[in-house]
1. Can you tell me which residue in the stretch 33-54 is most open to solvent (accessible area, probe 1.4 Å), limited to those that are of a type in the set (Asp, Glu) and over 14 Å from Ser96 (Cα atoms)?
2. Give the stretch 94-111 a look and list any residue that's modelled with pLDDT of 90 or more and surrounded by 10 or more Cβ atoms within 10 Å (Cβ to Cβ), or say none.
3. Could you grab me the full set of residues in the stretch 55-89 that are open to solvent by 50 Å² or more (accessible area, probe 1.4 Å), part of a loop (DSSP other than H, G, I, E, B) and not charged (D, E, K, R)?
4. Are any residues in the stretch 1-27 in contact with a Phe, Trp or Tyr (Cβ under 9 Å, 6 or more places away or on another chain) and under 21 Å from Lys125 (Cα atoms), and if so, which ones?
5. Filter the stretch 18-31 down to residues that are of a type outside the set (Val, Ile, Thr) and either under 14 Å from Met74 (Cβ atoms) or at pLDDT 90 or above (or both) and give me whichever is least open to solvent (accessible area, probe 1.4 Å).
Amino acid sequence: MYVEATMDLNDLIMRHPMQPPEGREKNLALIVDKATNRYFPAYEKVLKDHGQDYLVGNQFSRADVQVLETILMMEEMKPDILAKFPLLQGFKARISNIPTIKKFLQPGSQRKSKIEEKMVPQVMKIFYG
């Protein structure tokens, strides 16, 4: 359930750079609104309600990885996105410090950063011909 919901938000985030320049500000506002008013409050609530370190009980799962990646992508767009979500801030710190994830998040790793503006035309050509 958490993975599927997070994928919906990820889809909006990944499509953002492909938006026409004149619509990007409005699109970013929509993404931030959905993250801060729908998705992040739900994750914050689940962490509060069960009092565990992870989203699904007290066991590390794919949902934790997926939510962490979404948080990181949102922070690339809006660095203070977690300001009103203290439990998600702690969650991010915990998951980011798992040794294999910490290594993956280091500069030079295989993690891809957001798309560079100069790459947008090439991506558009690949997907839309």
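The values are calculated or read from the model by the stated rules, or taken from the named source; none is laboratory data. Worth saying up front: this structure is predicted, and the values here are computed from it rather than measured. Here the Cβ positions follow ideal geometry from the backbone for every residue, glycine too, while neighbour counts run over all protein chains shown. Heads up: the accessible areas ignore ligands, DNA and RNA and are worked out on the full protein's heavy atoms, side chains in. Shrake-Rupley method; radii C 1.70, N 1.55, O 1.52, S 1.80 Å.
1. For the stretch 33-54, the residue satisfying everything is Asp49.
2. Once the filter is applied, which keeps residues that are modelled with pLDDT of 90 or more and surrounded by 10 or more Cβ atoms within 10 Å (Cβ to Cβ), the stretch 94-111 yields Arg94, Ile95, Ser96, Asn97, Ile98, Ile101, Lys102.
3. Matches in the stretch 55-89: Val56, Asn58, Gln59, Phe60, Pro79, Ala83.
4. Result: Met18, single match.
5. For the stretch 18-31, the residue satisfying everything is Asn27.
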